[in-house]
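Notes for the one structure printed next.
Each value in this text was obtained by applying a stated rule to the coordinates, not by laboratory testing. Because the structure is predicted, anything quoted here is derived from the model rather than measured. Neighbour counts are summed over all protein chains in view; Cβ atoms, including those assigned to glycine, are modelled from backbone coordinates with ideal geometry.
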């Protein structure tokens with residue numbers, strides 16, 4: 001992960017940078033908002049911005065929005081300046097990181113931004129067969145379409161293909177098509193020239209150019225607008241892209257991978273996805289089965305998450321008891337690997353004694369802390385305002401997913417952008433919004 005630090009490294013922000021580096025992040029630095037904008041324009045491989053609230057945070061966010069650059073910005077400042085924290089969220093910061101920094105919170109923010117543990121953990125024959133197929137095609141240049149339900153680990157397999165490919169020394173760039181507004185996605189993919197639109201103050205390198213000689217993953221490609229699909233098809237066919245406002249094509253050498261939880265063949269038949277693009281992407285197909293179809297993976301994944309969250313929370317590592325294993329194996333895991341991860345994170349925090357026993361494995365309704373008014377059906381909702389019910393539902397869903405916003409948005413049936421906007425409003429009104437949590441990518 002590449003993180004841009006905006007502000008002086010001689011302050012407590014420097015401590016945050018060192019903690020991020022210790023967690024595996026690559027750090028670049030800019031002194032102020034103008035320098036940060038210049039850096040982001042030139043480096044489309046950046047994943048996250050940590051910005052000192054004294055470094056014209058609002059100007060940076062407005063500058064990014066004006067140039068159609070979708071980049072998560074986390075505001076950093078001392079706990080004593082509550083008003084500045086509220087202003088930062090209102091200005092558009094995704095989160096507020098109190099200084100001096102807490103290592104666990106930084107780890108959660110980094111995990112949330114990367115949305116992937118990158119670990120391919122498998123033991124079930126169904127998953128082993130998919131991994132063997134992935135190995136077989138990894139060294140080729142063909143496009144690969146990876147399908148499966150949300151939370152099954154599609155991006156993990158995409159990264160595995162990249163690591164095993166002839167392009168492994170090149171960049172791996174991932175872009176979530178569902179998380180970026182339509183009007184920003186074209187610029188994110190192809191970049192833009194200075195003056196291409198109002199606010200385009202300089203040339204911006206897009207994800208295609210950032211992935212040159214490497215791999216570009218288009219996550220949830222089924223959410224892409226038809227007009228943009230036509231431009232993507234040309235890029236795939238001609239191996240060149242046109243920046244927004246550009247006068248000449250730019251040659252790129254990119255291996256394209258795509259993921260979706262939709263049936264793209266059916267979407268094409270309904271006219272909601274270009275059939276010619278579907279055939280271009282679907283040279284090789286990999287279907288990642290849901291967790292309920294690969295029960296042999298449940299315990300190895302659970303053990304991996306138990307170790308990971310014990311380390312993250314500074315707790316002793318505990319083994320899963322046989323009763324806990326059977327409880328995990330017996331669940332249907334509608335939320336797939338994401339739900340299993342959150343369950344084990346909770347179990348690590350609740351466990352007592354030398355093992356994680358079945359009592360610490362809270363699944364389904366028992367894991368929720370929904371208010372009584374939301375547990376008693378329609379009768380319990382009468383007399384409450386619609387916006388209050390919506391707020392409680394969103395916040396309790398976020399608590400249920402341990403702060404995993406992508407998972408919460410999926411459960412709620414809304415876009416991640418809509419969820420972030422809601423949470424920003426709630427935080428501005430003084431509501432307790434959970435910090436972002438870790439998640440395994442879909």
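DSSP beta bridges fully contained in the chain are about 5 percent antiparallel. Only one item in (1) 0.99; (2) 1.21; (3) 0.93 matches Cα Rg over 2.2 N^0.38 Å derived from the coordinates shown, and that item is (1). Taking the centroid of alpha carbons for each part, segment 150-170 and segment 301-351 are 24 Å apart.
The mean sequence distance of close C-alpha pairs (under 8 Å, at least 6 residues apart), as a share of the length of the chain, puts its relative contact order at 17 percent. Comparing 196, 408, 248 in a Gaussian network model of the chain where C-alpha atoms under 10 Å apart are linked, the largest mean-square fluctuation is found at 248. Taking the chain as a Gaussian network of alpha-carbon nodes connected by springs under 10 Å, the highest mean-square fluctuation of the residues 432, 84, 409 belongs to 432. Once the C-beta distance of residue 239 and residue 54 is scaled by a Förster radius of 35 Å, the resulting FRET efficiency is 0.20 to the nearest 0.05. Please work out whether segment 1-91 counts as rounded, prolate or oblate from its C-alpha gyration tensor, where a ≥ b ≥ c are the square roots of the eigenvalues and a/c under 1.5 means rounded, while otherwise a/b larger than b/c means prolate and anything else oblate? Oblate. The residue 43 and residue 287 beta-carbon pair, evaluated with R₀ = 35 Å, returns a calculated FRET efficiency of approximately 0.50.
Put in line by how crowded their Cβ is, counting other Cβ atoms within 10 Å and starting with the fewest, 294, 39 read 39, 294. Compared with the alpha-carbon gap, the fully stretched path from residue 414 to residue 139 is longer by 95.3 nm at 0.36 nm per residue. Model label points for residue 322 and residue 70, set 7 angstrom from Cα along the Cα-to-Cβ axis, are 5.0 nm apart.
With neighbours defined as other Cβ atoms within 10 Å of a residue's Cβ, the residues 243, 420 order from fewest to most as 420, 243. Plainly put, segment 125-289 has a radius of gyration that is 0.97 times its Kirkwood radius, both from alpha-carbon atoms, as the Rg/Rh ratio. Treating r as the C-beta distance of residue 168 and residue 350 and R0 as 56 Å, the FRET efficiency rounds to 0.90. Gain on full extension, evaluated as 0.36 nm per residue between residue 198 and residue 15 minus their Cα-Cα distance, stands at 62.1 nm. GNM on the chain, C-alpha springs below 10 Å: top fluctuator among 250, 389, 86? Among 250, 389, 86, the largest mean-square fluctuation in the Gaussian network model of the chain belongs to 389.
Taking every DSSP helix (H) stretch of at least 4 residues in the chain, weighting each as -39,500 (n - 2.57) and dividing the sum by the residue count yields a mean residue ellipticity at 222 nm of -13000 deg cm²/dmol.
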